[in-house]
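Written below as structure tokens is the structure these notes are about.
The values are calculated or read from the model by the stated rules, or taken from the named source; none is laboratory data. Only a predicted model underlies this, so the values are computations on that prediction, with no experimental measurement involved. Note that each Cβ is placed from the backbone with ideal geometry, even for glycine, and that neighbours are counted across all protein chains shown.
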Amino acid sequence: MLRNFIFLVALITALGSLSVTGQQSRGVIEGLVRDVDGHPMAGASVVIDSLSAGVAAGNDGRYMLRGLKNGVYSLRFSFTGYETVTEKVTLEGHATVDILLNEAVIIADEVIVRGSRAGSRTPMAYTTIEAAELRKSDMTRDMPYLLSMTPSVVETSDAGNGIGYTSLRIRGTDASRINVTVDGIPLNDSESQQVFWVDLPDLASSTGSIQIQRGAGTSTNGAGAFGASVNISTVTPPDDPGASLDMAYGSFKTFRTMSRVWSGKVDDRFNMMIRASLIGSEGYIDHSASDIKSVMVTGSWVTSSDRLRFNILSGNERTGISWWGVPQELLAVNRRYNPAGEYVDANGIYRYYNDETDNYRQNHYHLFYTHRFTPRLHLNTGLHLTGGTGYYEEQKSDRETVEYGLEP
């Protein structure tokens, strides 16, 4: 009995020693992120690039990185509208790193969208999604599906797989009361006040960050921000030249091909990037195939106090009409049924009109000029032009031409 007791005590002691040893081999880096006035920077990004890991500072500006091995790490602290700070840390079990962030004193792309974004002290609910997080999603699908995991967002898709005609609601508010901007330029249609994401496919590939404001938005967004705001900041071309190619294939013959090439900085002044995308799918719903293409060209010219930037976005879509929905009585029989284009021929056979499609091209032209008078005083100007053309084609049975104002 005594022998068993001694063995049990020895075993517990050994396991405790292993546990303590394991805990000691893992370190913690923590600290506080504030601005120069001492206010906590809630949501500030703290990233260890070498590990592709990071956290966001809490409401009190505090952060904590756990489970790190002892060694030397390079921490990158960033927040929209503020200068990025990189700090080298030597970790031996525990390290505390407190950081002060200064407002950006150079002409940066963040200045363009700062006026339409919420800051750390703005009294509203908002979520900011950086490009790295966005690219972890299925980039084949439209923006509403990429944002579907954020609070209060509900997405819908006519084709049933997130490609083609999609829409979103935020806190129950429909698209006509959700203001969407790209680099501060309104994207909502001037007639319906909605955003048709299918007209700008693969916009996410050219996105640097997105902020979703839930509820009444900041005043610069106008009346359309009654329900929510979605502020998109386009990506800045890298300083070094390069190119990339992305390809994906999935269910329902869905595919995506995206290529881009960038010049890198030329004479430390000019930078340019071109992105082209091709997305196609047969869709989950019958006869809801999508054939969509998009191009974006962006460039900038920068000095110490001036920035001139342009964006050209173009989208071309051809999608099968599938917005009628599935009749309730057929849901249990065929959830993929689509009544669009269905007709009965002279022999009483049900057929489909193959060209029951929606066709549209939309182009956006943006021009920005920013001048910095002092570190805290900037002049931001923007010009934009949007143009579109298209049609949709439907098959109609047993109709007379005079019903459409046409002579027989």
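Structure above, values below:
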{"item": "Complete set of residues in segment 26-59 that are in a loop (DSSP other than H, G, I, E, B) and surrounded by 12 or more Cβ atoms within 10 Å (Cβ to Cβ)", "result": "26, 39, 41, 42, 43, 44, 57, 58"}
{"item": "Residue in segment 390-400 that is surrounded by 16 or more Cβ atoms within 10 Å (Cβ to Cβ) and in a strand (DSSP E or B) present", "result": "no"}
{"item": "Pairs where the first residue, in segment 359-385, is under 30 Å from residue 319 (Cβ atoms) and the second is of a type in the set (Val, Ile, Thr) and surrounded by fewer than 11 Cβ atoms within 10 Å (Cβ to Cβ), C-beta under 8 Å, 6+ apart", "result": "360/389; 361/389"}
{"item": "Where residue 126 falls short, out of the listed (1) in a loop (DSSP other than H, G, I, E, B); (2) touching a residue at least 60 places away in the same chain (Cβ under 8 Å); (3) touching a Lys or Arg at 6+ places or on another chain (Cβ under 8 Å); (4) surrounded by 19 or more Cβ atoms within 10 Å (Cβ to Cβ)", "result": "(1)"}
{"item": "Enumeration of residues in segment 158-177 that are at pLDDT below 90 and among the aliphatic types (A, V, I, L, M)", "result": "175"}
{"item": "Enumeration of residues in segment 265-284 that are within 30 Å of residue 162 (Cα to Cα) and of a type in the set (Phe, Trp, Tyr)", "result": "284"}
{"item": "Test result for residue 296, buried (at least 21 other Cβ atoms within 10 Å of the Cβ) and assigned to a strand (DSSP E or B)", "result": "yes"}
{"item": "Positions within segment 288-346 being among the basic types (Lys, Arg) and free of Cβ contacts under 8 Å to residues at least 60 places away in the same chain, in sequence order", "result": "318, 335"}
{"item": "The one condition in (1) touching a strand residue (DSSP E or B) at 6+ places or on another chain (Cβ under 8 Å); (2) under 26 Å from residue 236 (Cα atoms); (3) aliphatic (A, V, I, L, M) that residue 377 fails to fulfil", "result": "(1)"}
{"item": "Of residues in segment 373-389 being within 28 Å of residue 303 (Cα to Cα) and touching a helix residue (DSSP H, G or I) at 6+ places or on another chain (Cβ under 8 Å), the one surrounded by the most Cβ atoms within 10 Å (Cβ to Cβ)", "result": "378"}
{"item": "Single residue of 288, 314 found to be part of a strand (DSSP E or B), of a type in the set (Ser, Thr, Tyr), surrounded by 12 or more Cβ atoms within 10 Å (Cβ to Cβ) and modelled with pLDDT of 90 or more", "result": "314"}
{"item": "Of all residues making up segment 222-272, the number that are assigned to a loop (DSSP other than H, G, I, E, B), within 21 Å of residue 367 (Cα to Cα) and among the aromatic types (Phe, Trp, Tyr)", "result": "0"}
{"item": "One residue from 192, 277 being within 24 Å of residue 389 (Cβ to Cβ), surrounded by fewer than 22 Cβ atoms within 10 Å (Cβ to Cβ) and either hydrophobic (A, V, I, L, M, F, W, C) or touching a helix residue (DSSP H, G or I) at 6+ places or on another chain (Cβ under 7 Å) (or both)", "result": "192"}
{"item": "Conditions (1) under 18 Å from residue 131 (Cα atoms); (2) in contact with a helix residue (DSSP H, G or I) (Cβ under 8 Å, 6 or more places away or on another chain); (3) outside any strand (DSSP E or B); number of the one not met by residue 283", "result": "(1)"}
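Conditions (1) aromatic (Phe, Trp, Tyr); (2) within 21 Å of residue 130 (Cα to Cα); (3) surrounded by 13 or more Cβ atoms within 10 Å (Cβ to Cβ); (4) modelled with pLDDT under 90, marked per residue:
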residue: 223; (1), (2), (3), (4): no, no, no, yes
residue: 231; (1), (2), (3), (4): no, yes, yes, yes
residue: 239; (1), (2), (3), (4): no, yes, no, yes
residue: 248; (1), (2), (3), (4): no, no, yes, no
residue: 258; (1), (2), (3), (4): no, yes, yes, no
